[in-house]
Amino acid sequence: MNSAFRMWASIVSLAIIIQVGLASYGAFNAVDKADDQGTIGKDAVSDGFGAHAGLGYIIFLAALILLILAFLSRRAGGPPRVKWSGAILGLIVVQILLAWAGGASAWLGVLHGMNALLVAGVAGSLAGREWAAHRGAEVARAPEPAPRL
């Protein structure tokens with residue numbers, strides 16, 4: 001179960017990085033669709049962010065699965081998986097709410113972008129800690145080399 005959690009945490013972290021890339025695509029797609037006067041329709045902007053929005057909901061489900069895996073793979077003395085997985089899920093819920101609110105106020109959309117950096121940092125940190133703990137466990141299990149003569 002530890003391997004499943006570690007791999008899933010890595011997948012969630014990678015998906016969040018892809019999500020940021022899709023947001024960039026949406027922004028640059030809007031610029032590309034603008035006419036010579038710099039005007040663009042709301043539909044053209046929304047079309048560029050479709051993949052970003054879709055992946056966002058998939059990441060929410062992935063974070064929910066991550067929290068379930070954290071509960072199933074709790075171990076004594078290990079990293080606080082449940083706490084950090086819950087934090088990721090909570091930040092993603094805030095992220096979704098900020099995206100909805102950003103449609104009504106551009107300033108709330110700014111918070112959406114800032115929260116995305118926080119989500120990426122927490123998810124990347126969790127995945128990194130899991131891999132470091134895994135490597136540490138492998139080193140602890142490895143037999144000591146024979147002394148050289």
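Since every read-out is calculated from the coordinates, none of them should be taken as a lab result. The model shown is predicted, which means the values in this text are computed figures rather than measured ones. We place every Cβ from the backbone using ideal geometry, glycine too, and count neighbours over all the protein chains shown.
With charges set only on the Cβ (+1 for Lys and Arg, -1 for Asp and Glu), what does the dipole of the range 1-66 come to about its Cα centre, in debye to the nearest 20?
It works out to roughly 420 debye.
Quick one: if you stick a label point 7 Å off each Cα along the C-beta vector at residue 104 and residue 46, how many nm between them?
Those two pseudo-labels are separated by 1.7 nm.
Got the relative contact order for the range 2-141 handy, in percent, Cα pairs under 8 Å and 6 or more residues apart? Write down the numbers at each step before the final one.
On the way: 111 pairs, mean separation 39.6, N = 140.
Relative contact order of the range 2-141: 28 percent.
Which of [x] 49, 43, 12; [y] 40, 17, 11; [z] 26, 18, 15 is the computed semi-axes √(5λ) of the Cα gyration tensor in Å for the structure on display?
Correct label, based on the coordinates given: [y].
So if I place +1 on the C-beta of Lys and Arg and -1 on the C-beta of Asp and Glu, and nothing else carries charge, what would the dipole magnitude of the chain be about its Cα centre? I want it in debye, nearest 20.
I would put it at about 960 debye.
List the DSSP H helices in the chain whose Cα atoms stretch 27 Å or more along the helix axis and whose mean Kyte-Doolittle hydropathy is at least 1.6.
Details: long enough: 2-33 (46 Å, 0.87); 50-72 (34 Å, 2.33); 81-102 (31 Å, 1.41); 106-141 (53 Å, 0.51).
Helix filter hits for the chain: 50-72.
Okay, helix-only estimate at 222 nm for the chain: each DSSP H run of n ≥ 4 adds -39500 (n - 2.57), divide by all residues, round to 500 deg cm²/dmol; what do you get?
Numbers: 5 runs with 120 residues, N = 149.
Dividing the helical sum by the residues of the chain leaves -28500 deg cm²/dmol.
Using 19 Å as the cut-off for backbone N distance, which residues of the range 1-34 belong to the label zone defined by a point 7 Å from the Cα of residue 131 along Cα→Cβ?
Residues passing the 19 Å test: 2-21.
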